[in-house]
Each structure stands twice: as structure tokens, then as C-alpha cells.
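Following: one structure in C-alpha cells, then a few remarks.
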Amino acid sequence: MRCNGNSLQSDVLCQSLWRIYTHEKTHFSMISPHDPTLLQDLITHERMVWDALVTGDAAADNQLLCDTFLGVYADGFAQKSDHSGQLDQGPTVQSYDLDRFHVKPLGADHALLSYRATFRRTARPKDEVMFVSSIWHRKKNGWINIFSQDTAQDSTTSS
């Protein structure tokens, strides 16, 4: 680094900014969009949420969602207790398939996973399709889901 300003004040400012930049660079590295494990890690965690819905495992679902989780669904907003609470009566999903994955890093420890879900609810005769976007936060012990939004596929299209 070279700080050759016209005054001592500009050199001090330049050096201070350089120290901040190098500190942030070493302590707050961004998630790379080319990280080969990022997509697979998030898919694995997303499938764990779906598996909890299939098995009716509220404890597993509860562990995967942060305390301030927000879900945005066709019937409104949901908190963590709503999402996990739906499993109090047992499984809510019979089967599921996830595909068309997209991942987008959102800073140092957050990422967005978007995909298509084809699933069948328990006691329902037909599959449903929706597009899901989930925001995950990387913690020391793994990923935790902080936000999810589901959008039902328009029944007149077959994307």
C-alpha cells in the first residue's frame, strides 16, 4: 500500500482506511458463488426440513429454524412455532421431490436457496407444485433457516 498524499492528514486517513479494509477482508470473507459445497450444503439442510414434515419430527424441524424464523405463505405469515407446531398432529407431507435449484450468496454468512418443490400433503389425492426461496444463516455448528417464502405454481402453466 502506498499513501502519498499531500499532507500528513491524508496519509493518516489512507493508512486508517487500509487497516479497516485488511481487517474486514480477513475477518469477514464473503461466501463465494462458486463454492462447490454451498449448493449441496443448503440442499441437504432444506431436505432435512422436508424430511421432518414427512416423518412428523417437530424437534428436528425446530432445530433447523432460527428463533426469529419468518415464513411467508399463501395463507399469511408464520413464525417458528407455527412451522414446527403443524407437526403436533404428525406428518403433514406424504412425499416430495425438489429440483431446479439456484443459490445466491447474501454476504459473509447468509445464502438464498430457491427451487421447485413437487409434493403431496397427507390425506390429499394430488401432488402440488410450488417455488420456494429460503434464506439460510451459517453458524459455527451449521446452517439455520431464517426465512422461507412459498409461491404456488400457477395451475395454468407447467414450468
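What number of residues within segment 81-101 are aliphatic (A, V, I, L, M) and closer than 19 Å to Asp127 by Cβ?
2
As an exercise: evaluate Ala152 against (1) more than 10 Å from the chain's Cα centre (by Cα); (2) free of Cβ contacts under 8 Å to residues at least 60 places away in the same chain and give the number of the one condition it does not meet.
(2)
Starting from segment 46-62, take each residue that is at positive phi and list its partners that are modelled with pLDDT of 95 or more and open to solvent by less than 50 Å² (accessible area, probe 1.4 Å), counting only C-beta distances under 8 angstrom and pairs at least six apart or across chains.
Matching pairs, first to second residue: Gly56/Leu87; Gly56/Gly90; Gly56/Thr92.
Is it the case that segment 122-142 has a residue that's small (Gly, Ala, Ser), in a loop (DSSP other than H, G, I, E, B) and open to solvent by 50 Å² or more (accessible area, probe 1.4 Å)?
yes
The values are calculated or read from the model by the stated rules, or taken from the named source; none is laboratory data. Keep in mind it's a predicted model, so treat the numbers as computed, not measured. Using ideal geometry, Cβ is built from the backbone for each residue, glycine included, and neighbour counts are taken over all protein chains shown. Accessible surface is based on the protein model in full, side chains and every heavy atom, while ligands, DNA and RNA are left aside. Shrake-Rupley method; radii C 1.70, N 1.55, O 1.52, S 1.80 Å.
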